[in-house]
Amino acid sequence: MSNEPIVAISNLTFRRGERVIFRDLSLTIPRGKVVAIMGPSGIGKTTLLRLIGGQLRAERGVVAFNGEDVGQMSRSRLFEVRKQMGMLFQSGALFTDMTIFDNVALPLREHTNLPEPLLRALVLMKLESVGLRGACELMPAELSGGMARRAALARTLALDPALIMYDEPFTGQDPITLGVLAKLIRELNDALGMTSIVVSHDVHEVMAIADYVYLIADQQIIGEGQPQALRDSTSPLVNQFMLGQPDGPVPFHYPARPFAEDLAQLGGARG
Amino acid sequence: MVEFLARNGRATLNHLAEAGRAGTLLFRVILGGYRLRRDWSLLLKQLYMVGVLSVAIIVVSGLFIGMVLALQGYNVLVDYGAEESLGPLVALSLLRELGPVVTALLFAGRAGSSLTAEIGLMKATEQLSSLEMMAVDPLKRVIAPRFWAGVICMPLLALMFNAVGILGGFLVGVEWLGVDQGSYWSIMQAAVDWQDDLLNGVIKSVVFALVVTWIAVFKGFDAVPTAEGVSRATTETVVHSSLAVLALDFVLTAVMFG
């Protein structure tokens, strides 16, 4: 059990309408590691997390959590399994009508019958771990973006999940918050013995904390390995992404017919 | 021609799929087993949001509609020397038709739209997804308390509307236009039948409550999670539930009084 990867995806194909998001994608997430999934915007990184969490179902292929196919689970089994998963959403997704304390307490109140003093101690412990114990009586609207994300992280930690999925945790954060979040992801992973999947396109921050990196583009994995291995890669596609080059194998221009044809048509219409 | 058929076919399929999703939602909410003992505080909060906050608009509207009914009724009845019948005219119009129907329309505009917008925004800000990922069923936690609060509140609001409307009729008919007070109340009491009038009105109101709240929570839950999607869903809630109420009212009236 301990050597088995916590998530194993094999030959996954998924499409939205006519658009293929993933084609025959396979990857594994080893237990206890911080694994980053990177790639350009809009290639389905968040979709991948939703497939692992069972909010979407694969068209073909297997998404296995602890060896069990998520796509084949009944609704009740899925809810049972999700108690071992946590997901930090890009927006934080805090409930705006309750305090930070109640937000963090919600999963505990839903899934346990802990007496109130014990529950309070647990919630404060979770908030302390993200540095927000002092903000427990505030409403989500009173927090900055970075603090809201940390509060949401405390809520995700509430049930001590085996796996935490971070959806673009660094987007739109100032450098200090960015550093705090990166440190939290790494330290919580190691201190609590969890596994973390970080979906992001912030190369610098992710490379600093990840044990292993998957690079996704064009519906498939185009590169994988430890951060240093990816930095040393000779693949033009990997290099374009890692170095942030505007044009390359991922084109700058949206596909279109030749510009000359458009201009010629304009000239014809005027004549 | 082929394109026309394809477009209509696609639209029909979309509507059927939507109806299927709406049916599944209702089925899950009703048969999902509402955890009243555990979630009574959630229900209480929604009873306040959906019911108590609607009282003002219901009371004011009821009062004015009762007053208008009395004024219009009096002008017709007085020509035949039948102004004593003003009481039953006001009471029967309210109990059988205006109470349940106008309450449902007002409820759709006041509470239905707010339910849809709230749930739609919870979806757009990923709050519903985060509940799912916390292994908490949003249907039980978010939808069910709102649905049951609507179903409980609307018949009570309709009764309130009726009572205030009859009082409004009294103010105009008796206090202003001089209809005999004893006649107003006694002829009303004699003419109104508990089962035919009051009970049927309440049954109508319960049916409207189910339909309006169902449409409101479903439209929010099914909204496209964008600003435009939530805005469209909110509009659809008011339009669809108003039309549904008026159409159902005809059917129910035909069955009950036809």
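In chain B, what percent of the accessible surface is made up of carbon and sulfur (1.4 Å probe, ligands and nucleic acids excluded)?
Its accessible area is 69 percent carbon and sulfur atoms.
Which pairs, out of A:LYS45/B:LYS219; A:LYS126/B:LYS123; B:LYS140/B:LYS219, put more than 20 Å between their alpha-carbon atoms?
Result: A:LYS45/B:LYS219; A:LYS126/B:LYS123 exceed 20 Å.
Quickly estimate the mean residue ellipticity at 222 nm for chain A, helices only: each DSSP H run with n ≥ 4 gives -39500 (n - 2.57), and the total goes over all residues, rounded to 500.
-11500 deg cm²/dmol
Let me have the 222 nm mean residue ellipticity of chain B computed from DSSP H runs of 4+ only, each contributing -39500 (n - 2.57), with the sum over all residues rounded to the nearest 500.
Computed ellipticity for chain B at 222 nm equals -25000 deg cm²/dmol.
Between B:VAL76, B:VAL238, B:VAL224, where does the largest GNM mean-square fluctuation fall for chain B, given springs only between Cα atoms within less than 10 Å?
Ranking B:VAL76, B:VAL238, B:VAL224 by mean-square fluctuation puts B:VAL76 first.
Helix check for chain B. Which DSSP H runs span at least 24 Å along their own axis by Cα, with a mean Kyte-Doolittle hydropathy no less than -0.5?
B:2-31, B:55-77, B:144-170, B:200-221, B:227-257
Averaging sequence separations of C-alpha pairs under 8 Å and six or more residues apart, then dividing by the length of chain A, give the relative contact order as a whole percent.
It comes to 23 percent, rounded to a whole number.
Can you say what percent of the DSSP beta bridges in the protein assembly as shown, counting only those with both residues inside, are antiparallel? Round to 5.
50
Summing both sides, how much accessible area is buried between A and B? Use a 1.4 Å probe and give Å² to the nearest 100.
Roughly 2000 Å².
Residue by residue through the stretch A:82-94, which ³J(HN,Hα) values in whole Hz follow from phi under the Karplus form 6.51 cos²θ - 1.76 cosθ + 1.60 (θ = phi - 60°), with glycine and proline marked x?
5, 5, 8, 10, x, 9, 9, 7, 4, 8, x, 6, 6
Could you give the accessible area per residue of chain A, probe 1.4 Å, as a whole number in Å²?
48
Accessible area per residue, 1.4 Å probe, Å², for the stretch B:2-257: what's the number?
On a per-residue basis, 48 Å².
What average number of partner chain Cβ atoms lie no more than 10 Å from the Cβ of the residues making up B:134-140?
6
I'd like the residues of the stretch A:69-95 whose 1.4 Å-probe accessible area shrinks by no less than 50 Å² going from the isolated chain to the full set of protein chains.
Residues passing the criterion (a loss of at least 50 Å², heavy atoms only) are A:ARG75, A:PHE79, A:ARG82, A:PHE89, A:PHE95.
May I ask you to compute the full-extension gain from A:GLU68 to A:HIS253, defined as 0.36 nm times their residue separation minus their alpha-carbon distance, rounded to one decimal in nm?
Result for the pair: 62.4 nm of gain on full extension.
Can you give me the Cα centroid spacing of the stretch A:49-73 and the stretch B:127-144 in angstrom?
If you average the Cα positions of each part, the centres end up 19 Å apart.
Using the Cα atoms of the stretch B:2-257 to build a convex hull, what is its mean projected area in square nanometres?
17.4
Antiparallel DSSP bridges in chain A: what percent, to the nearest 5?
So the antiparallel bridges amount to about 50 percent of the total.
Net charge around A:ILE29, counting only other residues with Cβ within less than 12 Å of its Cβ (Lys, Arg = +1; Asp, Glu = -1)?
-1
Report, in whole Å, the centroid distance computed from the Cα atoms of the stretch B:197-236 and the stretch A:151-223.
The stretch B:197-236 and the stretch A:151-223 have Cα centres separated by 40 Å.
List the residues, sorted by chain then number, that are 5 or more residues from A:GLY39 or on another chain and whose placed amide H is less than 5 Å from its amide H.
A:SER200, A:ILE216
Would you mind getting me the FRET efficiency between B:ASN14 and A:ARG16? Use the beta-carbon distance for r and R0 = 22 Å, nearest 0.05.
0.85
Scan around A:ILE221 for amide H atoms under 5 Å from its own, H built in the peptide plane at 1.01 Å from N, and keep only partners 5 or more places away or cross-chain.
HN-HN under 5 Å from A:ILE221: A:SER26.
Pop the C-beta distance of A:THR47 and A:ARG109 into the FRET formula with R0 = 30 Å and round what comes out to the nearest 0.05.
That pair, A:THR47 with A:ARG109, gives E of 0.50.
Can you give the local net charge around B:GLY201? Use residues other than it whose beta-carbon is closer than 12 angstrom to its beta-carbon, Lys and Arg +1, Asp and Glu -1.
Taking every Cβ under 12 Å from that of B:GLY201, the sum is -3.
Scan chain A and report its longest stretch carrying no GluC sites (Glu not before Pro) that are both in a DSSP loop and have at most 10 other Cβ atoms within 10 Å.
So the longest stretch without any such site is A:138-271.
Starting from the 7 Å offset along Cα-to-Cβ, what nm value, one decimal, do you get for the label separation of A:ALA264 and A:LEU237?
3.3
With each label point set 7 Å from Cα along the Cα-Cβ vector, what nm distance links B:VAL2 and B:ALA247?
3.3
The values are calculated or read from the model by the stated rules, or taken from the named source; none is laboratory data. As the structure is a computational prediction, the values presented were derived from the model and not from experiment. All Cβ positions, glycine included, derive from the backbone under ideal geometry; neighbour counts span all protein chains shown. All accessible areas refer to the heavy atoms of the entire protein, side chains included, with ligands and DNA or RNA removed. Shrake-Rupley method; radii C 1.70, N 1.55, O 1.52, S 1.80 Å.
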